[in-house]
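The values are calculated or read from the model by the stated rules, or taken from the named source; none is laboratory data. Since we're looking at a predicted model, the values are computed, not measured. Every residue, glycine as well, gets a Cβ built from its backbone with ideal geometry; the counts of neighbours run over all protein chains shown.
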Amino acid sequence: MQRGTDPTTLEFAILGLLALAPHSGYDLLQIFETTAIGNYSSSPGAIYPALGRLEKRALIEGVVDDSHALRPKKVFRPTPDGKKVLRRWLRARITENDVQRHLDELLLRFAFHSLVDKQASRDFLNDLARATDEYVAKLREQRKIFSDDEPPHGRMAFEFGIERYRACARWARRTLRHFEEEAS
């Protein structure tokens, strides 16, 4: 996915949450503060400006809801363009760079895959397993540069990275089997 012109990871997280259900800025802040999605930011100094950027780009729209509270609140929903951008992000092919540098973002994307069809989820998982396996093969080649005569610390840290990626590929294949079994 092209970076720079698309929403940030935080903005995609917000867009995904709003696609699941309309929320106010305060509601989103509470979700970010109390769930694992807070990894992407629970700071009001980040959430509210991100909402403003998404609204300015017409990817979300805010409507003032004064029906249930003493103080009206602005509730946000994705626009048709916002849903289109979100679906494109969810369906984007996975690259080696994504695996190397954006693994958390890939898992965030998968967390919102209930918003796309099951084939898109299967394609995503196949892509993730493939791209991760390819990267692990490259890492194994790089592993050969470590000498067994040297202190093991660097080699062991490197091997931890390989194991992390191998675990990701195993998870992707296991999750793919779940969706395939569910389909039959």
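Key figures
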quantity: In the range 127-176, the residues that are touching a Lys or Arg at 6+ places or on another chain (Cβ under 9 Å) and acidic (D, E); calculated: D127, D133, D148, E159
quantity: Filter result for R174 (surrounded by 11 or more Cβ atoms within 10 Å (Cβ to Cβ), within 20 Å of L106 (Cα to Cα) and assigned by TED's automatic domain parsing to the domain that holds L108); calculated: yes
quantity: The one condition in (1) surrounded by 14 or more Cβ atoms within 10 Å (Cβ to Cβ); (2) in contact with an Asp or Glu (Cβ under 9 Å, 6 or more places away or on another chain); (3) more than 24 Å from Q119 (Cβ to Cβ) that I31 fails to fulfil; calculated: (2)
quantity: Single condition V136 does not satisfy, out of (1) surrounded by fewer than 16 Cβ atoms within 10 Å (Cβ to Cβ); (2) over 27 Å from L17 (Cα atoms); calculated: (1)
quantity: I37 in a helix (DSSP H, G or I) and more than 30 Å from R166 (Cβ to Cβ); calculated: no
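Residues are listed down the side, and each one gets a yes or a no for (1) under 14 Å from the mean Cα position of the chain (by Cα); (2) outside the structural domain of A167 (by TED's automatic domain parsing); (3) surrounded by fewer than 17 Cβ atoms within 10 Å (Cβ to Cβ):
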residue	(1), (2), (3)
P49	no, yes, yes
G52	no, yes, yes
E55	no, yes, yes
L59	no, yes, no
R101	yes, no, yes
D104	yes, no, yes
L108	yes, no, no
